[in-house]
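Colleague: After the structure tokens below, expect a handful of questions from me.
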Amino acid sequence: QVQLVESGGGLVQAGGSLTLSCAAPGRTFSIYTMAWFRQAPEKEREFVAVISRSGGTTFYADSVKGRFTISRDNARNTVYLQMNSLKPEDTAVYYCACRFSVVFGTRADEYNYWGQGTQVTVSS
């Protein structure tokens with residue numbers, strides 16, 4: 001079992017920025033491909049971004065490309081999501097997830113473990 005703990009959510013005005021963190025204490029963090037997903041009310045969970053085990057390769061959903069940046073610090077067992085130029089449509093609960101495969105996945109069912117989620121609310 002892998003425990004993932006997200007933090008950093010909150011309320012921000014449109015155009016503002018937030019940085020989310022996801023920690024996996026006590027784990028060999030570098031063996032996992034890490035991703036962020038989000039889920040807005042009455043919508044399905046959707047892919048946001050994914051990062052390779054080394055951090056050298058990333059991939060983003062079109063809706064966040066150029067505004068969000070995923071990164072990781074394997075020494076700190078933490079993955080980050082820097083969110084800039086936030087829009088009201090970015091409002092959602094954001095989840096981090098991990099999978100053992102080196103292959104990137106963009107479907108929620110491809111990930112083995114999930115955090116509890118952190119709320120991001122962007123006001124207009």
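Every read-out reported here was derived from the displayed coordinates using simple, explicitly stated rules and does not represent laboratory data. Just so it is clear, the model here is predicted, and its values are computed rather than measured. Here Cβ is always computed from backbone atoms with ideal geometry, including for glycine, and neighbour counts include all displayed protein chains.
Colleague: Give the residue from N77, G117, V93 lying farthest towards the positive end of the charge dipole for the chain; charges sit on Cβ (+1 for Lys and Arg, -1 for Asp and Glu) and the dipole is referred to the Cα centre.
Modeller: Selected residue: N77.
Colleague: Just in the stretch 36-75: which trypsin sites (Lys or Arg not before Pro) are loop by DSSP and have at most 12 other Cβ atoms within 10 Å?
Modeller: The qualifying sites are K43, K65.
Colleague: Now, a different point. In the stretch 47-119, which chymotrypsin sites (Phe, Trp or Tyr not before Pro) are in a loop and have at most 15 other Cβ atoms within 10 Å, using DSSP for the loop call? Don't skip to the answer; put the middle values down first.
Modeller: Numbers: sites: F47, F59, Y60, F68, Y80, Y94, Y95, F100, F104, Y111, Y113, W114; in loops: F100, F104, Y111.
When the chymotrypsin sites (Phe, Trp or Tyr not before Pro) of the stretch 47-119 are filtered for loop state and at most 15 Cβ neighbours within 10 Å, F100 remain.
Colleague: Taking the Cα centre of the chain as the origin, how large is its charge dipole in debye, to the nearest 20, when only Lys and Arg (+1) and Asp and Glu (-1) carry charge on their Cβ atoms? Please report the intermediate quantities before stating the final value.
Modeller: On the way: 12 positive and 10 negative charges, 65 e Å.
Value, rounded to 20: 320 debye.
Colleague: Then there's this: For the chain, what is the Kirkwood hydrodynamic radius in Å, using each pair of distinct C-alpha atoms?
Modeller: By the Kirkwood definition, the hydrodynamic radius is 14.2 Å.
Colleague: Compare T106, T28, T58 in a GNM of the chain, Cα atoms joined below 10 Å, and give the one with the largest fluctuation.
Modeller: Comparing T106, T28, T58 in the GNM, the peak value goes to T28.
Colleague: What are the extents of the Cα atoms of the stretch 53-98 along their three principal axes, in Å, largest first?
Modeller: The Cα atoms of the stretch 53-98 stretch 34, 20, 16 Å along the principal axes, largest first.
Colleague: Starting from the stretch 8-82, pick out the GluC sites (Glu not before Pro) whose DSSP state is loop and whose Cβ has at most 11 other Cβ atoms within 10 Å.
Modeller: Loop-located and lightly packed - E42, E44.
Colleague: Name every cysteine in the chain that ends up alone, with no second cysteine's Cβ under 4.7 Å, or say none.
Modeller: C98
Colleague: Considering Cα pairs under 8 angstrom that are at least six residues apart, work out the relative contact order of the chain and quote it in whole percent.
Modeller: 36
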